[in-house]
Every structure is written in C-alpha cells, then in structure tokens.
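Reviewing the structure listed below.
The values are calculated or read from the model by the stated rules, or taken from the named source; none is laboratory data. What you see is a predicted model, and the numbers here were worked out from it, not measured in a lab. Cβ: placed from backbone, ideal geometry, glycine included. Neighbour counts: every protein chain shown. These accessible areas exclude ligands, DNA and RNA; they are computed on the full protein's heavy atoms, side chains included. Shrake-Rupley method; radii C 1.70, N 1.55, O 1.52, S 1.80 Å.
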Amino acid sequence: MRPNACLAVAALALCLPLAAAAQSAITPASPADRADAEAIFKQLIEINTTDTPRGSVTAGTQAMEKRFLDAGFPRQDVHLLGPNPKKMNLVVRYPAAGTPSEKPVLFLCHMDVVEALRSDWHTDPFQFVEKDGYWYGRGTQDMKDSDAGLVASFLRLHREGYKPRRDLILALTADEEGGEYNGASWLVTQHRDLVDAAYVINPDSGGVELDHGRAEVADVEATEKVYADYQVTATNRGGHSSLPRPDNAIYELSDALEKLAHYSFPFELNEVTRTYFGNLEKKETGQTAADIRAILADPPDMQAAARLSAEEPSFNSSFRTTCVATRLAGGHANNALPQTAQANVNCRIFPGHSPEEIRQQLIQLFADPKLTVKYVSDSGVVLNAAPDRKAIVPVKPIPEVMEPLTAITDAIWPGVVVTPIMEDGASDSIYFAQAGYATYGYSAIALERDDERAHGQDERLPMDSYWKSLDFWYAFTKALGDR
Ligand SMILES: [Zn+2]
C-alpha cells in the first residue's frame, strides 16, 4: 500500500490495497492498438470543429460514427442526432451482455474546439504535427485527446469481444466552447433516454499534474462553479465637457467597480473543498498548514481565510463566489460628458447559489439606483434577470468511481495523490449536475504545470501522455463495465 495515495483519499474512507488492485488493472495497448488510437486522434485534430463558418462538429461525429459502424457496432446502438445540421452529436451505446447489473455509465466528451488562426501558430492548428515528442494541433489538450482515447478504448474492447455487465455510453457533443447548440444540454433535456446513467464521467477537467516529469497530483473534479457575466451600465444625459456636473456616468460606474474591488463574497466550504483542504493540510507546513486547519475548524477562522486568500488566488476562488471586472467601455467624444459607461463583471458562482441571487447581491453592493445590472447569457444576449438555477451542491465522490480511478491512476503514475476538487471553470458537467446526475471530471492526461495550452497558441500534447491515457481509459471503462 502506498501511504501517500491512501492519505489522499483517507477522508473518503477509500484506503485501498492499491498495489494489488492496480497490477491486474493494466493491460497496455499493443502496437496495433496504438496505431489505431493515433489514427483516430489525427483524424479528429484534422477535422475543424470550431463554431465558425469553416468548422463543423458533424464532420467529426460522422467520422466517428463510421468507425463504430465499420467495427460492427449495430446501427441501433449508434445515434447521430442534433438540433442543427452542423452540430450533430454522436451517442454510442456498448450494451451489457444479458440483463444489466446496474444503470449505465455515461462518458461525456465535447467534440468542438476553440478557433485557432494559422497566423498565430507555428504549425497549422488543423494539422496533426509530431515534433520533439509532442503532437501539435487545436484540440490536442482540449479535448480531442480524450475523445480519441475513449473512441479507441470502446473499439478495442469491442474487438476483443469484451462483454460488460452494464451499458457503457459514449456521447460526443457539440458547442461546449461556444455556439448556440450545446449538445450536452440538448441531449439531457430532449433525449434523456439515450444518456440516462448512474453517473457521468467527463474528461474535460481534472487530470494529472507533472512537475519536471514527476506526477504529483491527480485532480478529480467533483463539482464546479457556475459561470456568469453581468453588464453594469451607468447612463447620463451628458452635455458639454466645459460644463462638468457632479453626476457623471464614468464616475458612477467607477464608484461601483471600486466597491466591487474591495468586496469579498462570504466564505463557504462544501464536501469537496473540505476534503481537498483536509488533504492539502497534510502536505503543507508552517503557517499555511496552520491556516488550513483554522479554516476547517468550527467556526472557521476568517483571518486565516484572509491570509490564505492573499497567498494564493486559487485558495480564494475555492472559498467563495468571485466577481471581477473584465471589460470597460464609456463615453463617445473627448469633449463631451459621457452618456454611458459600461463594464462587464465576470462571476464564478459557488455551488448552491443562482446567477440571479448574485445579480441581486451586486445591485445591493453598488447601492446606486442610477446603475443597471443585467445578465449576459452564454450566447451574448443581455437579459433583465438571470437564471434561477443553482449548481447542485456536491455529494461525496462515490467509491465505485474513486476506487478504480485511484488504483489505475496509481498503477500508471505511481505515487500520485488523487484528490477530488472543485473546478473554478465551467464544463458541460453543469447540465448533467443540474439534471440530478453525479458527475466526475477526470482527463487522465498528464501535463506539466506550465504547459497548459488549452484554447491557446501552439496547443500540444506529450505523446507519452496520450499513450498513458489510452491505457487508463481502457482499464477504467472495463473496471466500471465489470460492476
Ligand atoms: Zn474542453
């Protein structure tokens, strides 16, 4: 038993005989399996699935549909469907042999990528380029690596005649990064029967963090914050700038933003962040460790929380809802009093609160009836009120998922500490969480801390990380399918 791996999940009462469980868990991909998985990855990278005139998610999902049908998956288990011809989702069901032992497991993967311009990159972002042990291309980190890894694993299991005890479902979906036809949301609301599952695995977050090649921690996203944009506007009748008055749209907006700059939303913990900080406390030393102990105490020590927040922005964002000004516009001429001044305020909302609740809190904080605070929807529409739906407050990660995940991760990256976290970003998991499904974010991709290039220039993946993730997905799908 590896003491540190046991320690990491101790709070979840998941100490395992890891060495024994892990040894039998890994059957490395053969050279032929690898060649197949590389071909799938290359094909996906070279299909442009951006939400732009030249991109098409359907081109990607159709290519994968063909692979499943060619491999002998029955037509009735392979569904290509969507609300728009360019945004078709693919749902593949690998059925249980006989009566299913449990509800299915859903693997949820988005197929779209963020736009990338050839002029910004050193290689063509839509060519799969191998260089110095890396593959370059848009989507190599986010998330065609995992799309390809799961497609390859489903096909390998099928080739080998594997018979799961429950259904395994793979959904490749549209418009996670942007666009109007979010496939995860559409499937869970319009075709629940196709994606209904005991729980959801979403490889769009989490993963293994490397420090100079050494695997340190493996994060499993067990909950996430809700993303929301607000448009804050000050309006004024304006006038000639030679005759200034105290009322002024720019000053009024500045006053509001000044208040926001000095405001902190209330401190909160939930099951996931409590476990996370519990694990972290054992690794940290000195004042940091003492402060973490103090925030976990009842009642939590607010001075310790303030010190931790000042020390590390990610601590602060784990404790509370955060809102920050991200864009600014105002005025219309150098010699005129401004008639409008406007800012975008971006918030990451702690689970359990709704975007409308936060909008009301911003209105109270600004306390200026001359200002309006409106909600900006994902598609950019400005609305007078924000949605009432809250992200589900997380439950403790379940052993059925965490045990094999931890054992297989430990077998591939020995000594790594597996820990459930709350993600500050946002993914498609939110739609399933809101529909009542437990979701776990884990990419099984190992990256150096300073080499995260998702959405950025020259996105790339170490080839070794891809091979390891392939072994992970094969073992993990099988472990969940065997239950
Ligand atoms: Zn993504």
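Which of the GluC sites (Glu not before Pro) across region 436-483 are loop residues per DSSP, with 16 or fewer other Cβ within 10 Å?
For GluC sites (Glu not before Pro) across region 436-483 that sit outside H, G, I, E and B with at most 16 neighbouring Cβ atoms in 10 Å, the list reads Glu452.
Short version: ³J(HN,Hα) in whole Hz for each residue of region 250-267, in order, from phi by Karplus 6.51 cos²θ - 1.76 cosθ + 1.60 (θ = phi - 60°), x for Gly and Pro, what are they?
5, 5, 5, 5, 4, 4, 5, 5, 4, 4, 4, 4, 9, 9, 10, 5, x, 5
Tell me what the chain gives for mean residue ellipticity at 222 nm when only DSSP H runs of n ≥ 4 count, each as -39,500 (n - 2.57), the sum divided by the residue total, rounded to 500 deg cm²/dmol.
-11000 deg cm²/dmol
By how many degrees, between 0 and 90 and to the nearest 10, does the Cα long axis of helix 463-481 differ from the longest principal axis of the chain?
Around 70 degrees separate the two axes.
Please give the solvent-accessible surface of Lys283 in Å², to the nearest 10, using a probe radius of 1.4 Å with every protein chain present.
We get 110 Å² for Lys283.
Does anyone have the angle between helix 144-159 and the longest principal axis of the chain? Alpha-carbon axes, 0 to 90°, nearest 10?
20
Under a 5 Å amide H to amide H cut-off, with H placed in plane at 1.01 Å, what residues pair with Val418 once short-range neighbours are removed?
Ala218
What does the accessible area of Leu155 come to, in Å² to the nearest 10, when a probe of 1.4 Å is used?
We get 10 Å² for Leu155.
Determine the sum of side-chain charges near Ala218: Lys and Arg each +1, Asp and Glu each -1, restricted to other residues whose C-beta is under 12 angstrom from that of Ala218.
Once all neighbours under 12 Å are counted, the net charge is -4.
Antiparallel as a % of all DSSP beta bridges within the chain, to the nearest 5?
70
Taking Rh as the Kirkwood radius computed over C-alpha pairs, what is the Stokes-Einstein D of region 221-311 at 4 °C in a medium of viscosity 1.567 mPa s, expressed in µm² per second?
Translational D for this selection: 76 µm²/s.
What ³J(HN,Hα) values, in whole Hz, does the Karplus curve 6.51 cos²θ - 1.76 cosθ + 1.60 give for region 360-372 when θ = phi - 60°, with x put for Gly and Pro?
5, 5, 5, 4, 5, 5, 5, 6, 9, x, 7, 9, 10
So what are the ³J(HN,Hα) numbers for region 79-88, from phi and the Karplus equation (6.51, -1.76, 1.60; θ = phi - 60°), rounded to whole Hz, Gly and Pro as x?
10, 10, 7, x, x, 8, x, 8, 10, 7
Just to be sure I understand the model, the point goes 7 Å from the Cα along the line to the Cβ. What's the resulting Ser314 to Asp247 distance in nm?
4.8
Determine the shape class of region 24-143: with a ≥ b ≥ c the square roots of the Cα gyration tensor eigenvalues, call it rounded for a/c under 1.5, and otherwise prolate if a/b is greater than b/c, oblate otherwise.
Taking the square roots of the gyration eigenvalues as a ≥ b ≥ c, region 24-143 is oblate.
For region 48-116, what does the alpha-carbon gyration tensor say about shape, rounded, prolate or oblate, given a ≥ b ≥ c as the root eigenvalues, a/c under 1.5 as rounded, and a/b over b/c as prolate?
prolate
In whole percent, what relative contact order does the chain give with Cα contacts below 8 Å and a gap of six or more residues?
25
Over region 226-324, what relative contact order in percent results from Cα pairs under 8 Å that are six or more residues apart?
Relative contact order, region 226-324: 24 percent.
Name the residues whose placed amide hydrogens come within less than 5 Å of the amide hydrogen of Ala174, ignoring near sequence neighbours (fewer than 5 apart) on the same chain.
Counting only residues 5 or more places away or on other chains, the set is Met111, Gly183, Ala184.
Report the extension gain between Glu356 and Ala59 in nm, rounded to one decimal, defined as 0.36 nm multiplied by the number of residues separating them, less their alpha carbon distance.
Going from the current span to full extension adds 103.2 nm.
Quick one: dipole size for region 163-285, taken about the Cα centre, charges +1 on Lys/Arg Cβ and -1 on Asp/Glu Cβ, in debye to the nearest 20.
Dipole of region 163-285, to the nearest 20 debye: 200 debye.
If contacts are Cα pairs under 8 angstrom and at least 6 residues apart, what is the relative contact order of region 417-483 in percent?
Relative CO of region 417-483 lands at 25 percent.
Only loop residues by DSSP count here, and only those with at most 15 other Cβ atoms within 10 Å; note down the GluC sites (Glu not before Pro) in region 180-232 that meet that.
Glu180
Counting only residues 5 or more places away or on other chains, whose amide H sits under 5 Å from the amide H of Ala336 once H atoms are built in the peptide plane?
Answer set, sorted by chain and number: Ser241.
Is region 374-452 best put as rounded, prolate or oblate by its Cα gyration tensor, with a ≥ b ≥ c the root eigenvalues, rounded for a/c under 1.5, and otherwise prolate when a/b is larger than b/c, oblate when not?
In terms of gyration-tensor shape, oblate.
Once the other residues with Cβ under 11 Å from the Cβ of Asp167 are scored (Lys, Arg +1; Asp, Glu -1), what is the net sum?
+1
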